[in-house]
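Accompanying notes for the structure given below.
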Amino acid sequence: MKKLITILAATVFAASAFAGNITVKGSDTLLILAQKWAETYMTSNTTVKISVSGGGSGIGFAALQSQTTDLCDASRKIKPAEQMKCAAVFEGGKRPTEYKVALDGLSVYVNPENSLKELSVAQVGDIFTGKIKNWKEVGGPDAPITVYSRENSSGTYEFFKEHVLKGKDFAASAQTMPGTAAIVQAVVKDKNGIGYGGAAYGGSSKLLAIKKTDTSPAIAPTEETVMNGTYPIWRHLFVYVDPAKDKGDIAAYLTWIRSDDGQKYVKDVGYYPLPKNLRSGN
Amino acid sequence: MTPNPNNESRRSHGWMGIHRGHKARPGEWLAEKFIFLVSLSAILMVLLIFLFVAREALPVFFGQTNTALVQKPIPPDEMDKHSAAELEAYLEITPDQLAKLPKSTLRTMMDIKVEAQNDIPEDFRNDPDASINTTEWKYLIAPHKWTDYDKPEYIWQPVGQIKKFNIIPLIVGTLKVTLIGLLFAVPLAVGAAIYVSQLARPRVREILKPAIELLSGIPSVVVGFFALLVMATVLQSIFHYQTRLNAFVAGLALGFAVIPVIFSIAEDALTSVPRAYTQAALALGASRWQTAWQIVLPAALPGVFAAAVLGFGRAIGETMIVLMVCSASVLSWSVFDSARSITTTIAAEMAEAVSGGPHYRILFMLGALLFAATFVSNMIGDFVIHRFKNKLEGKR
């Protein structure tokens, strides 16, 4: 019995003292990518153990504050309240360091039967705030628009609200769906539906080309247009870290993620790699 | 063995009031205490959960949260000119933290505050809503005319520059979906209970009863998924309403989750009506149907009512089905409009709410409301069942 306890204690101690343990927690948007990175990195660096979990950007920041995670994945920028909480516990009152790790182009989905091909950013905003209620107001068929949105816990929701709706509220009648896949599913089944989400998740829905202003040309969301910034609706995805921990294995892992080697996995999961000029530094 | 005349006086009152007839063996004594502690821990758990929820929600009840977007920033250089209480409120920290944190950290926090104020877009800086603390009770329950809206409205939009936390659409949405679910489930479940307990042949009963109770074994995610993909489409093609995912679909799906709860309690109540009632009615020439409908059902009515109340408790707390099928926080009593229930809101938004922030606290407040609602409905259900049992057994 005593022997068993000793062995148990020794294993627990060994596990906790294991040099290269990295925990990653946060955004569900980034979860698949983070897992892919972790798996690939661990096969070539066998001394490092990386455990990845999701829950949401907010959960990730909460874990960063309680120092139960090393890295926090986020699909949105850190909020001032979260920054202050981190500063209160981090060594030397420092703020978490922000790393941009990927690009995400957000596309607007409509039903494949919809005759509409393009919209301006302002028109998209007006549709989602409920100011435009019928497709004929934007040159489509005479039918009421059904708006599908994400849950307000989603980083995508927040980004869309700030940058496309210009901070205005979504229409109260907007159906909130639990994920991008659910939005695509709903839009494909509803011929008057409109939704938004990652460009790679469009499935059998139709992706609209977007005009930055009413007079500018309509741009379809592709890797090229998102990466060179001509497609107007895109965002960064982030990883946050306590600056005191940003050394050794963790720093090496972060550098690898942002290197050409790490960035080549980004496209596999539907996001876009960082442009070359963003890959080093912050 | 001669009986001990002093047996009664030697009967010991064990620890924590448990009576024992004779001296227990140590093993038994231990097992007894262990079981007692386990049962106690369940009660303790409920109490702890309630305390936790209440603690997280209290600042909302006392109006200690502030969501005003534009606040007058305190320049970090003037930190010393302000009192400790002012700084605590400004930085949202406890007196303990204020005392312990080094000056440089406090300064960083003050800097972050100032930067946050500078980052507010120009449009919002001049918005009259930006100086409102939206967590005050009048904004939580009364309509308000927000900028960009034509008239005073109940708005739940907790994420964004100006956070709107009106809980009325959520309460209406919860009640709407729950009532639709009960309107669908109660007649079906009670009907099935009458049939199974009074009319069905024993062979049929043996198949039907477990089959209906098996419904409760279907995970609500599966029911929700079925409703999302199949029921929504079928019902839309029948009723031709505009919103494909609405409270009606959610209510029907919810009904499936509630039917087994109502069925098993109602069936229990109906079978516990004394056989003498049935026999007397049949002897007087009543048909089996008349007996079931006019004798047994009225006698078991309190039990059936309790079943419905417990079903209500189950329905109002159900999360996944409503989350998957409909969740637009629109304030409307129309069954063909969407709705958003309290459980959905908590499940969907808790993950991203800034821990300890106003949104987080209000979600906990909603949780406390829900806890109170299910607690009261379960209490009523339990109370009625006990009254009913006592009445049938002739006790008062």
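The values are calculated or read from the model by the stated rules, or taken from the named source; none is laboratory data. Only a predicted model underlies this, so the values are computations on that prediction, with no experimental measurement involved. Don't worry about glycine lacking a Cβ; one is built from the backbone with ideal geometry, like all the others, and counts go over all protein chains shown.
Condition first: among the charged types (D, E, K, R) and assigned to a helix (DSSP H, G or I). Now tell me which residues in the range A:125-140 satisfy that.
Correct list: A:126, A:136, A:137.
Does the range B:360-378 contain any residue that is at the interface with chain A (Cβ under 9 Å from one of its Cβ atoms) and more than 18 Å from residue A:174 (Cα to Cα)?
yes
Take residue A:255 and tell me if it is closer than 25 Å to residue A:59 by Cα, surrounded by 13 or more Cβ atoms within 10 Å (Cβ to Cβ) and polar (S, T, N, Q).
yes
Does residue B:60 satisfy the criteria of being surrounded by 12 or more Cβ atoms within 10 Å (Cβ to Cβ) and closer than 30 Å to residue B:375 by Cβ? Please lay out each step first, then the result.
Working: surrounded by 12 or more Cβ atoms within 10 Å (Cβ to Cβ): yes; closer than 30 Å to residue B:375 by Cβ: yes.
Yes.
Out of the helices (runs of 4 or more DSSP H) lying entirely within the range B:191-245, which hold 1 or more residues that are within 30 Å of residue B:328 (Cα to Cα)? Walk me through it before giving the result.
Numbers: elements: B:202-214, B:220-226, B:232-239.
Of the helices (runs of 4 or more DSSP H) lying wholly inside the range B:191-245, those with at least 1 residues that are within 30 Å of residue B:328 (Cα to Cα) span B:220-226, B:232-239.
So residue B:171 passes all but one of these: (1) more than 12 Å from chain A (Cβ to nearest Cβ); (2) more than 30 Å from residue B:315 (Cβ to Cβ); (3) touching a residue at least 12 places away in the same chain (Cβ under 8 Å). Which condition number does it fail?
If we test residue B:171 against (1) more than 12 Å from chain A (Cβ to nearest Cβ); (2) more than 30 Å from residue B:315 (Cβ to Cβ); (3) touching a residue at least 12 places away in the same chain (Cβ under 8 Å), just (2) comes out false.
Could you check how many residues of the range A:99-124 are assigned to a helix (DSSP H, G or I) and under 17 Å from residue A:221 (Cβ atoms)?
Residues in the range A:99-124 being assigned to a helix (DSSP H, G or I) and under 17 Å from residue A:221 (Cβ atoms): 3 in total.
Pick out the one residue from B:178, B:243 that is within 24 Å of residue B:318 (Cα to Cα) and at pLDDT below 90.
B:243
Let's see how each residue does on (1) at pLDDT 90 or above; (2) within 30 Å of residue B:132 (Cα to Cα); (3) touching a helix residue (DSSP H, G or I) at 6+ places or on another chain (Cβ under 7 Å):
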residue	(1), (2), (3)
B:357	no, yes, yes
B:363	yes, yes, yes
B:367	yes, yes, yes
B:375	no, no, no
B:382	no, no, no
B:386	no, no, no
B:390	no, no, no
B:394	no, no, no
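Out of B:331, B:323, I need the residue that is touching a Pro at 6+ places or on another chain (Cβ under 9 Å), within 18 Å of residue B:159 (Cβ to Cβ) and within 14 Å of chain A (Cβ to nearest Cβ). Which one?
B:323
Restrict the check to the range A:104-117 and report whether at least one residue is surrounded by fewer than 21 Cβ atoms within 10 Å (Cβ to Cβ), under 30 Å from residue B:111 (Cβ atoms), in contact with a Phe, Trp or Tyr (Cβ under 8 Å, 6 or more places away or on another chain) and touching a residue at least 40 places away in the same chain (Cβ under 8 Å).
The answer is no; no qualifying residue exists.
Restricting attention to the range B:287-294, does a residue exist that is surrounded by 24 or more Cβ atoms within 10 Å (Cβ to Cβ), of a type outside the set (A, V, I, L, M, F, W, C) and more than 14 Å from every other protein chain (Cβ to nearest Cβ)?
No.
Mind telling me which of the residues B:138, B:145, B:176 ends up being over 24 Å from residue B:295 (Cα atoms), within 14 Å of chain A (Cβ to nearest Cβ) and among the basic types (Lys, Arg)?
B:145
So that you can scan it fast, the table gives a plain yes or no per residue for (1) farther than 30 Å from residue B:107 by Cα; (2) modelled with pLDDT under 90; (3) of a type in the set (A, V, I, L, M); (4) part of a helix (DSSP H, G or I):
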| position | (1), (2), (3), (4) |
| --- | --- |
| B:16 | yes, yes, yes, yes |
| B:40 | yes, no, yes, yes |
| B:47 | yes, no, yes, yes |
| B:69 | no, yes, yes, no |
| B:85 | no, yes, yes, yes |
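Looking only at the range B:152-162, decide whether some residue is in contact with a strand residue (DSSP E or B) (Cβ under 7 Å, 6 or more places away or on another chain), away from chain A (no Cβ under 13 Å) and part of a loop (DSSP other than H, G, I, E, B).
yes
In the range B:96-116, what count of residues is obtained for those that are within 25 Å of residue A:166 (Cβ to Cβ) and either modelled with pLDDT under 85 or facing chain A (nearest Cβ under 8 Å) (or both)? Let's see the steps before the verdict.
To start, the set of residues in the range B:96-116 that are within 25 Å of residue A:166 (Cβ to Cβ) comprises B:112-116.
Of the ones still in play, those that are also either modelled with pLDDT under 85 or facing chain A (nearest Cβ under 8 Å) (or both) are B:112-113, B:115-116.
The number of residues fulfilling the criteria is 4.
Take residue B:196 and decide whether it is surrounded by 12 or more Cβ atoms within 10 Å (Cβ to Cβ), within 14 Å of chain A (Cβ to nearest Cβ) and β-branched (Val, Ile, Thr).
Working: surrounded by 12 or more Cβ atoms within 10 Å (Cβ to Cβ): yes; within 14 Å of chain A (Cβ to nearest Cβ): no; β-branched (Val, Ile, Thr): yes.
Judged against the criteria, residue B:196 is not a match.
Please list, ordered by residue number, the strands (runs of 3 or more DSSP E) wholly in the range A:141-221 having 2 or more residues that are surrounded by 18 or more Cβ atoms within 10 Å (Cβ to Cβ), of a type outside the set (Asp, Glu) and within 14 Å of another protein chain (Cβ to nearest Cβ).
A:146-150, A:175-177, A:193-198
Is there any pair linking a residue in the range B:89-107 that is under 19 Å from residue B:354 (Cβ atoms) to one that is surrounded by fewer than 16 Cβ atoms within 10 Å (Cβ to Cβ), with Cβ under 6 Å and at least six apart or on different chains, and which?
From residues that are under 19 Å from residue B:354 (Cβ atoms), there are no pairs.
Just for the range A:53-87: of the residues that are without any contact (Cβ under 8 Å) to a residue 60 or more places away in the chain and in contact with a Leu (Cβ under 7 Å, 6 or more places away or on another chain), which one is farthest from the other protein chains (Cβ to nearest Cβ)? Full working, then the answer.
Kept after step one, since they are without any contact (Cβ under 8 Å) to a residue 60 or more places away in the chain, are these residues of the range A:53-87: A:53-55, A:59, A:62-63, A:65-66, A:68-69, A:79-85, A:87.
Checking which are in contact with a Leu (Cβ under 7 Å, 6 or more places away or on another chain) leaves us with A:54, A:84.
Details: A:54: 9, A:84: 5 Å.
Within the range A:53-87, the match that is farthest from the other protein chains (Cβ to nearest Cβ) is A:54.
Could you please let me know if residue B:53 is in contact (Cβ under 8 Å) with a residue 24 or more places away in the chain, surrounded by 15 or more Cβ atoms within 10 Å (Cβ to Cβ) and in a helix (DSSP H, G or I)? Talk me through it step by step, then tell me what you get.
On the way: in contact (Cβ under 8 Å) with a residue 24 or more places away in the chain: yes; surrounded by 15 or more Cβ atoms within 10 Å (Cβ to Cβ): yes; in a helix (DSSP H, G or I): yes.
Yes; evaluated as a whole, the condition is true for this residue.
Are there any pairs with C-beta distances below 8 angstrom linking a residue in the range B:202-216 that is exposed (fewer than 12 other Cβ atoms within 10 Å of the Cβ) to a residue that is part of a helix (DSSP H, G or I) and not hydroxyl-bearing (Ser, Thr, Tyr), with the two at least 6 apart or on different chains, and if so which?
B:214/B:260
Among the residues of the range A:244-260, is there at least one that is under 29 Å from residue A:95 (Cβ atoms) and touching a Cys at 6+ places or on another chain (Cβ under 8 Å)? Walk me through it before giving the result.
Within the range A:244-260, the first condition is being under 29 Å from residue A:95 (Cβ atoms), and the residues that meet it are A:244-260.
With touching a Cys at 6+ places or on another chain (Cβ under 8 Å) added as a condition, the list becomes none.
No, the range A:244-260 has no match at all.
Among the residues of the range B:56-88, write down those that are of a type in the set (Gly, Ala, Ser), under 30 Å from residue B:128 (Cβ atoms) and free of Cβ contacts under 8 Å to residues at least 60 places away in the same chain.
Those that are of a type in the set (Gly, Ala, Ser), under 30 Å from residue B:128 (Cβ atoms) and free of Cβ contacts under 8 Å to residues at least 60 places away in the same chain: B:83, B:85.
Report every pair of residues separated by at least 6 positions or lying on different chains whose Cβ atoms are under 6 Å apart, first residue within the range A:210-238 and within 25 Å of residue A:101 (Cβ to Cβ), second in a helix (DSSP H, G or I).
A:219/A:225; A:221/A:199; A:231/A:225; A:232/A:121; A:234/A:226; A:235/A:159
Identify the residue in the range B:119-149 that is of a type in the set (Asp, Glu) and at pLDDT below 85 and, among all such residues, is surrounded by the fewest Cβ atoms within 10 Å (Cβ to Cβ). Show your work before the answer.
First pass over the range B:119-149, keeping only residues of a type in the set (Asp, Glu): B:119, B:122-123, B:127, B:129, B:136, B:148.
Cutting the leftovers down to at pLDDT below 85 gives us B:119, B:122-123, B:127, B:129, B:148.
Numbers: B:119: 9, B:122: 7, B:123: 13, B:127: 20, B:129: 20, B:148: 13.
Out of the qualifying residues, it is B:122.
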